[in-house]
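S.K.: So that we are looking at the same thing, I have put the structure below in structure tokens.
The values are calculated or read from the model by the stated rules, or taken from the named source; none is laboratory data. Fair warning: this is a prediction, and the values are worked out from it, not measured in the lab. Because the Cβ atoms are built from the backbone with ideal geometry, glycine has one as well, and the counts that use them run over all protein chains shown.
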Amino acid sequence: MTENNYCVIMAGGVGSRFWPFSRNHKPKQFLDFFGTGRSLLQMTVDRFRPIVPIENILIVTNVLYREEVLAQIPDMRAEQVLCEPARRNTAPCIAYAAARIEAMRRLSNKANSTENVNIVVAPSDHLILQEDQFRLTIEQGFNFIQEHDALLTLGMKPTRPETGYGYIQRGEEATKQDDNNTTGEGIYKVKAFTEKPNLELAKVFLESGDFLWNSGIFVWSLRSIQDAFKQFLPEVAEKFMMGMEDNNQASPLGTEKEEAFIQEIFPTCPSISIDYGVMEKATNVHVMPSDFGWSDLGTWGSLYELSEKDEHNNVTLHCDATYYDSHGNIVTLPEGHLAVVQGLEDCIIAESEGVLLICKKDAEQQIRQFFMDAEMKHGGKFS
């Protein structure tokens, strides 16, 4: 762990696919799903503490959640929470964080402020079961990007034909591209990114052995990602790099002028993902096949798969439940409530803050639409 290692945690989403448990005022990253006493965000920060100094961890979130972040991570300073005034997807989020890291280093008068700066970017809502292996993987990634001008993403080895994830097709191994390479073993050039496939295509991907789940976890140097933004998303880069190119002009980032500056320029950024805006266009993108018990805790189905089940494959969270002729359900109600379930198979039964959801598990991709319909019909009362 060195002062040149940074971590950017993306924590601005609403988590509408977990409605009604995840709500606008308290999205899923701030919730304790498994009754451990730690939210997904807290678990994510804990995971990076052995890798990155706590003062080098930045959390990018919506301005609505600033106080919630600081309450959940009490040893984090307010200036480590970067607040987005509008939701603009992952590319502007990452560009903001990269520019802030450079500004912080310049303000602290660190020599070679942008050289040898390593950044790992991760969502706040993933579950990692093998944390020691995760740390080794990130350290291997840091070693690789220190020797290569590369944008590295972690690809998860698929265990099933999953239709809810994007996929990455790997190409040639990095060691075969450079005879002097000492860090590229097990790391591959990216051949192609693919969107979420249908079931038949997902089966083909699984059988081929060349495709990996796209985790949304990235490792790169500060210079490499800034160069990529300048080349592929200049309209985003130029907004955040104001003052960086001219040493005679001070950047507002890291100063008392930052909040007003971000309020002005952030909403003008295009809403675009880092995958679409940069990773699918750059030629120096690599993937590291990884296996550390990863799950994108993005849907009720993924929560079901990860949770303890009874003899009839029912999952009960936060409440009590009695089942009759019922199989494969997931039930979560407020603590102290009892569910009596008869004759249901493969259903989601979730109650939170005045909303009761009952739907089939295989219809979970419609939950976001249910959320939007409820918001439109009831004016945000239940969102």
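S.K.: Among (1) modelled with pLDDT of 95 or more; (2) more than 27 Å from residue 267 (Cα to Cα), where does residue 71 come up short?
M.R.: Of (1) modelled with pLDDT of 95 or more; (2) more than 27 Å from residue 267 (Cα to Cα), only one is false for residue 71: (2).
S.K.: In region 315-335, which residue that is of a type in the set (S, T, N, Q) and crowded, with 20+ Cβ neighbours inside 10 Å is nearest to the chain's Cα centre (by Cα)?
M.R.: Per the stated criteria, the residue is 332.
S.K.: Pairs under 6 Å by beta carbon, first residue on the phi < 0 side of the Ramachandran plot in region 295-320, partner in a loop (DSSP other than H, G, I, E, B), six or more apart or different chains?
M.R.: Note: pairs meeting the criteria are 297/125; 314/329; 315/307; 315/309; 319/333; 319/337.
S.K.: Which members of region 255-278 meet the condition of being farther than 21 Å from residue 214 by Cβ and touching a helix residue (DSSP H, G or I) at 6+ places or on another chain (Cβ under 6 Å)?
M.R.: 265, 269 - these are the residues of region 255-278 that are farther than 21 Å from residue 214 by Cβ and touching a helix residue (DSSP H, G or I) at 6+ places or on another chain (Cβ under 6 Å).
S.K.: I'd like the full set of residues that are part of a helix (DSSP H, G or I) and either of a type in the set (A, V, I, L, M, F, W, C) or farther than 22 Å from residue 123 by Cβ (or both), limited to region 203-224.
M.R.: 203, 204, 205, 206, 207, 208, 222, 223
S.K.: Can you go through 250, 237, 228 and tell me which one is in a loop (DSSP other than H, G, I, E, B) and surrounded by 14 or more Cβ atoms within 10 Å (Cβ to Cβ)?
M.R.: Every option except 250 fails the conditions.
S.K.: Scan (1) within 26 Å of residue 84 (Cβ to Cβ); (2) surrounded by 14 or more Cβ atoms within 10 Å (Cβ to Cβ); (3) not aliphatic (A, V, I, L, M) for the single condition residue 268 breaks and write down its number.
M.R.: Of (1) within 26 Å of residue 84 (Cβ to Cβ); (2) surrounded by 14 or more Cβ atoms within 10 Å (Cβ to Cβ); (3) not aliphatic (A, V, I, L, M), only one is false for residue 268: (2).
S.K.: Another question about this same structure. For residues that are closer than 21 Å to residue 260 by Cα, in contact with a helix residue (DSSP H, G or I) (Cβ under 9 Å, 6 or more places away or on another chain) and without any contact (Cβ under 8 Å) to a residue 24 or more places away in the chain, tally how many sit in region 65-95.
M.R.: Selection size over region 65-95: 5.
S.K.: When you look at residue 106, is it at pLDDT below 95, buried (at least 18 other Cβ atoms within 10 Å of the Cβ) and of a type in the set (Lys, Arg), yes or no?
M.R.: yes
S.K.: Please enumerate the residues belonging to region 116-140 that are over 24 Å from residue 34 (Cβ atoms) and assigned to a loop (DSSP other than H, G, I, E, B).
M.R.: Of everything in region 116-140, those that are over 24 Å from residue 34 (Cβ atoms) and assigned to a loop (DSSP other than H, G, I, E, B) turn out to be 116, 117.
S.K.: Considering only region 207-218, I want to know if a residue exists there that is crowded, with 21+ Cβ neighbours inside 10 Å and closer than 18 Å to residue 106 by Cβ.
M.R.: No; the residues of region 207-218 include none that is crowded, with 21+ Cβ neighbours inside 10 Å and closer than 18 Å to residue 106 by Cβ.
S.K.: Search region 96-109 for residues that are more than 20 Å from residue 62 (Cβ to Cβ) and pair each with any residue that is of a type in the set (Gly, Ala, Ser) and not in a helix (DSSP H, G or I) when their beta-carbon atoms are under 6 Å apart and the residues are at least 6 apart or on different chains.
M.R.: 103/251; 103/254; 104/254; 105/113; 106/113; 107/254
S.K.: Can you name the residue in region 289-325 that is in contact with a helix residue (DSSP H, G or I) (Cβ under 6 Å, 6 or more places away or on another chain), in a strand (DSSP E or B) and within 21 Å of residue 154 (Cα to Cα) and, of all such residues, is modelled with the lowest pLDDT?
M.R.: It comes out as 295.
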